[in-house]
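Participant: Got a structure for you, questions after.
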Amino acid sequence: MRAWLALGLVLPIAACAQTRALEGSPDAGARGDELQQPLPEFPKPADYLPLQVSATTPFKFFVDAKSVSVGKDGVVRYSLIAKSTEGALNVSFEGIRCSSRQYRVYAYGRPDNTWSEMRISQWQQIPPDARNAHRAVLYSDYFCAARMAIGTAEEAVGALRRGPRGSSGL
């Protein structure tokens, strides 16, 4: 009985400590807002916009036009579809923070066309390497100009339909 009583006292204290740690972190404000971001409808092939990345990548990339949004926090959110040469699909819901050249994955797509939310999702730098070429291209050629997010989702979708501005992002 004492063990349960002690555990009952320790768990709320640990939860408070974790909340305080998050509040004190440099990512705290964005983290709280973003955890409440609703996931978009799962992408449908009719809404895929092709993303020109590189002739050497083994994947074809697409952005779901209906999922693109520009938040008040300056983050451009979108569903990304990567299709292998064999036809396998990888689907993710992500965000790009233009002011710091960072990305974050919020959820991955499941085979049954539902989302699996990330338990731990942190902002990461978009490195200029081939593994992240799709994110670098989205950052440089479509979503972020002078480290500022594009104004509206309609502008982002229009930019994707027109094609890249000419900067490779790599």
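Participant: So for the range 98-166, taking the charge dipole from beta-carbon charges (+1 Lys/Arg, -1 Asp/Glu), which of A153, N113, P127 sits furthest toward the positive end?
Facilitator: P127
Participant: Run down the lysines and flag those whose C-alpha is under 21 Å from the C-alpha of K44, throwing out any fewer than 8 positions away in its chain.
Facilitator: Partners within reach: K60, K66, K83.
Participant: Are there any trypsin sites (Lys or Arg not before Pro) in the range 57-119 that are in a DSSP loop and have at most 16 other Cβ atoms within 10 Å? List them by number.
Facilitator: In loop regions of the range 57-119 (DSSP not H, G, I, E or B), the sparsely surrounded trypsin sites (Lys or Arg not before Pro) are K72, R119.
Participant: If you don't mind, another one. Could you check the spin-label model distance between Q37 and V105? Points 7 Å from the Cα along Cα→Cβ, value in nm.
Facilitator: According to this spin-label approximation, the distance is 1.5 nm.
Participant: Please list, by residue number, everything in the range 46-75 whose backbone N is under 14 Å from a paramagnetic label point 7 Å out along Cα→Cβ of E155.
Facilitator: What the label zone holds, given the 14 Å backbone N cut-off, is 69-75.
Participant: Right, another one. Report the full-extension gain for the segment K44 to T85: residue separation times 0.36 nm, less the Cα-Cα distance, to one decimal in nm.
Facilitator: Length gained between K44 and T85: 12.9 nm.
Just so you know, all these numbers are worked out from the coordinates, no wet-lab data involved. Worth saying up front: this structure is predicted, and the values here are computed from it rather than measured. All Cβ positions, even for glycine, are placed from backbone atoms using ideal geometry, and neighbour counts span all protein chains on display.
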